[in-house]
C-alpha cells in the first residue's frame, strides 16, 4: 500500500466527501418535506391529492435513482428544462427519498390507535390540536427507525451522482484510478471515506432507536 | 325538580347492515347516576360513543341541555368539553407526564392559565392519592393508577356529565376497587354520570337507575334494588344468572349418586 | 407539440436492443437472486448459532456489505480483483458476484429478523404440548417465519432489480448503455431522443418492479 499516494489523494477525497454530504443533506431535507406532506395527505384521506401522492410514491419507489437522474439530467433539457448537475442530484434524491420518507411517516401515524385520537377529541381538542400535541409527537418517535434507515439509504444512493458528472467520491476514485492506476489505494480511500460518513449515522440510528423505545402506543 | 341534562330520542345506530342500537330513548337528569348493563355486544359501549359523537348515528337525536350533539357538527369540539369520557384502555398520552396529560386540554382547548390548571390538577391528584406521581410517565404507572389519572384528566375539563366505558374491565382485581372508590366519591358529590360496567355489586350500590340493554334495545329499566333483586323480564333474569355459580359440590354429589345407582 | 424524441424507438431494432439491455439487467438479477436467497437463508440460520466466532465473522461481513453503497462494492470487485489477484472478471461476472454477496447479506438479516420476531411463548406452548425441538421448528416456527419472510424477500428482489441499473458504471452493456448508444447514433436525426428514450426506460423499470411490489404488498396484507 503506497501511503504517499494516499496522502496525496486525501485532499481530493475530502473535497469530494464534503460535496457528497452537502448534496446528500439537501436532498434528504427536501425528501423529509415531501414525505411529511404525502404522509399527512394519506392519513387524512384527502381526495384527489391522496391519489396523486399514491401515484408519485409508486412511481418513485419502483424506479432506480440512476434512471431518474438520467431522465432529469439528459432527458428534460430536450423539452426545455435545463438543470445543473447539483440541482439534478438533489432533486433526484428528493424525488426518490420523498416516497421512502412518506412511508416511514405514514406508518408512524398509522401505528397510533384511533382510540388515542378519540380520547383527545373527547377532551374537546380539534383535529389540528390533536395532530400537533398528541399524534405527531408519538408518530415521530415511532418513525425514527425507518427514518434513520432512510437517511442511511439516501446517503448511500448519492454514490450514483458521478453519473451526472458530479465530482463526488465515486467520480474522484474512478478518475484517479484512470489517471494513476493506483487502484488499491484509491479504492481503500473510497471505502474509508464512505465509512466515515455512514458509520456515525448508523450508530446514531441505533442509539435513537433504543432511547425512543418508550413511545409504544397504548399507555 | 332536577332538569334533564341529557336527552336521547329514538337513537338508531347501524353499522353496514347491522342495527346496533334500535330506537333507544331515555333522559338523564342533573345529578343522576345511570348504570348501563347488558351482555357483550349488546351496544352499551356504542351508546356511549354515540353520545360523544365518536360514532355517527343514523336516526334520532341527542341533546345536551338545549344543544344537539351531532357527528360533524360545527360546535362539536365545544360540546365535547362538556362531556367527559373515560375509556377502558385509559388512553393516556404516553409521551406526556401525568400532570402534562391532565393540563394539556384545559390549557390548549379552554385557554386557561397554566397556574390555575396545575393547581386544580394537583388538588384532584391529591384526592385520588396520586400527587407524588405527577411527573411520572404513564408507562411507569399501574393500570389502576393510570385509570385514576384518566378520570382526573376528564374532570379537569369541568364536564357537565361523565361517561365511563367499562373502565375497570382491563384491570387486575386488586386495582378495580381503587378506581371504583373514586367513582363512588364522584357520585357522592352529585356528579351526573353514565357508567357501563360489569361490576354488579358496584352497580347496585351507586346507581340511581339501571338500564338493561340487550341486542340494541332497552329491555328493562328501573331502580337498582328492583332490577337486581327481582328482574321483571326473562332476558334480564337470564343475564343476571350469568353472574351466579351453582355450588359444584351439589353436582358432584348428584353425579356420584347416579354412578352408585347404576352399579 | 414539441418533439419528444419517441420516434427513435420505432426505428430499426432500437426497441429490441433496449429490451435486450433490460434483459441483461434482469439476467443478472435473476441469477443473483437464485443464489443469494438460499445462501442468505443459510447464513441467517447460522447467525442463530451460539458460536461467538462464527457470529462475529458473519456480523462484520454483513454489516460491511450492507453499509457500503453498492456502487463502491461493484468498483472494488471489478477493479481491485484485477489488481490484487490478477483475475480478469467481466463486468457481468463481477456484478453477479457482488449482487450475490449483497443479496445474501440482506437476506440473512431478514431471516434473522423473521426468526427473532416469533414470540418466545410460541416455542413454550409447543413444548408444553409435547413437541420436540425439531417438530416445533418444522410445524410451528418455520411456517410462520416463511410468512413473514416472503413479502420482505420480494421487496429485496425489487431492490436488486433496481440496483442492477448501476452495472452500467462498470461497463456492462445493459439498458442504459444501449440507450446512450442509440441516443448518440441518432444525434442528428433525433436530437430529442434522450427524452423519449430515458422516459421509456423509466417506464420499463417501473413495469418490471411495480407488479412485484404489488404482489409483496398483497401477500403481506393477506398473511398479517
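Working from Cα positions, state the angle (0 to 90°, nearest 10) between the long axis of helix C:142-163 and the longest principal axis of chain C.
Taking Cα atoms only, the helix is inclined about 20 degrees.
Report, in deg cm²/dmol and to the nearest 500, the calculated mean residue ellipticity at 222 nm for the protein assembly as shown, where each DSSP H run with n ≥ 4 adds -39500 (n - 2.57) and the sum is divided by the residue count.
Result for the protein assembly as shown: -20000 deg cm²/dmol, rounded to the nearest 500.
Can you classify the range B:119-208 as rounded, prolate or oblate using the Cα gyration tensor, where a ≥ b ≥ c are the square roots of its eigenvalues, rounded means a/c under 1.5, and otherwise it's prolate if a/b beats b/c and oblate if not? Display every interim value, and only then the final one.
Details: a/c = 1.99, a/b = 1.25, b/c = 1.59.
It is oblate, given that a/c is not under 1.5 and a/b is not larger than b/c.
Helix C:175-185: angle to the longest alpha-carbon principal axis of chain C, degrees 0 to 90, nearest 10?
Here the helix axis deviates by roughly 10 degrees.
Which order do C:64, A:147, B:227, A:105 fall in if you start with the one that has the fewest other Cβ atoms within 10 Å?
With the sparsest Cβ surroundings first, the list reads C:64, A:147, B:227, A:105.
Once you have a ≥ b ≥ c as the square roots of the Cα gyration tensor eigenvalues for the protein assembly as shown, tell me rounded if a/c is under 1.5, and otherwise prolate or oblate according to whether a/b is larger than b/c.
Working: a/c = 2.45, a/b = 2.02, b/c = 1.21.
Prolate, since a/c reaches 1.5 and a/b exceeds b/c.
Taking only Cα atoms, what is the 0 to 90° angle, nearest 10, from helix A:169-180's long axis to the longest principal axis of chain A?
Once rounded, the angle reads 10 degrees.
Once you have a ≥ b ≥ c as the square roots of the Cα gyration tensor eigenvalues for chain C, tell me rounded if a/c is under 1.5, and otherwise prolate or oblate according to whether a/b is larger than b/c.
Oblate, since a/c reaches 1.5 and b/c is not below a/b.
Find the centroid of the Cα atoms in the range A:146-217 and in the range B:193-249, then give the distance between the two in whole Å.
Result: 67 Å between the Cα centres.
Hey, how many Å between the Cα centroid of the range A:36-54 and the Cα centroid of the range C:23-85?
38
Of the candidates C:158, C:81, C:132, which one comes out as most mobile in a Gaussian network treatment of chain C with C-alpha springs shorter than 10 Å?
Of the options given, C:132 has the highest mean-square fluctuation.
Any idea what the alpha-carbon Rg over 2.2 N^0.38 Å comes to for the range C:184-224? Kindly include the intermediate steps, with their values, before the conclusion.
Values: Rg = 17.3 Å, N = 41, 2.2 N^0.38 = 9.0 Å.
Normalised Rg, Cα atoms only: 1.92.
Laboratory data are not the source of any read-out in this text; all were calculated from the coordinates shown. What you see is a predicted model, and the numbers here were worked out from it, not measured in a lab. Because the Cβ atoms are built from the backbone with ideal geometry, glycine has one as well, and the counts that use them run over all protein chains shown.
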